[in-house]
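Here's the structure we're looking at; comments come further down.
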Amino acid sequence: MAKPSTFNRTTAELLHDKLNSDERPVLINALAKEAYMAKRIPGSINVPAEHPEWIDDIVPDKDEDIVVYCANTDCPASPNLAESLIDRGYTRVWDYEEGLAGWENTGHKLVGNDVNS
């Protein structure tokens, strides 16, 4: 039996509002470095799902707001990373499950090597 999720989920609208507020979360792309370089939400950093330990030096405050995302709703990287961060003691972890596809579909800008300007 799978354990229940212990992280929250967010939407493109809520994430966009948070990213443009004084309470900006740490935004993490959970994909491999190559995918991150190709396409990402502006202002995000890369912590691949298979390397959750990287977050310890990047975000030492375990109560910091963290939003993770990956490619789309079928991508397991961001929920896997979110669970790993919770297991590492982070208390305010959100998953933007629509990921890059949802961000782009709602009209928000992406950046990266494979993004047409």
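The values are calculated or read from the model by the stated rules, or taken from the named source; none is laboratory data. Quick caveat: nothing in here was measured; it's all calculated off a predicted structure. Cβ coordinates were reconstructed from backbone atoms using ideal geometry, including for glycine residues, and neighbour counts include every protein chain displayed.
State whether one or more residues within segment 21-40 are among the polar types (S, T, N, Q), out of contact with any Leu (no Cβ under 9 Å at 6 or more places or on another chain) and over 19 Å from HIS108 (Cβ atoms).
no
Among the residues of segment 26-52, which ones are touching a residue at least 24 places away in the same chain (Cβ under 8 Å) and closer than 19 Å to GLY89 by Cβ?
VAL26, ILE28, ALA30, VAL47, ALA49, PRO52
Just checking, which of ASN29, ASN72 is at pLDDT 95 or above and out of contact with any strand residue (DSSP E or B) (no Cβ under 9 Å at 6 or more places or on another chain)?
Answer to the check: ASN72.
Across segment 4-19, what is the total count of residues that are closer than 16 Å to SER84 by Cα, surrounded by fewer than 16 Cβ atoms within 10 Å (Cβ to Cβ) and touching a residue at least 24 places away in the same chain (Cβ under 8 Å)?
Final tally of qualifying residues: 4.
Do we have TYR90 as touching a Gly at 6+ places or on another chain (Cβ under 8 Å) and aromatic (Phe, Trp, Tyr) here?
Criteria not met by TYR90.
Of all residues in segment 70-115, which are of a type in the set (A, V, I, L, M), part of a helix (DSSP H, G or I) and touching a helix residue (DSSP H, G or I) at 6+ places or on another chain (Cβ under 8 Å)?
Within segment 70-115, LEU81, LEU85 meet the criteria.
When you check LEU31 against the structure, is it part of a strand (DSSP E or B) and surrounded by 20 or more Cβ atoms within 10 Å (Cβ to Cβ), yes or no?
Considered against the rule, which asks whether it is part of a strand (DSSP E or B) and surrounded by 20 or more Cβ atoms within 10 Å (Cβ to Cβ), LEU31 comes out as no.
Only one residue in ASP95, ASP57, ASP61, ASP22 is surrounded by fewer than 12 Cβ atoms within 10 Å (Cβ to Cβ) and modelled with pLDDT of 95 or more, so which one is that?
ASP61
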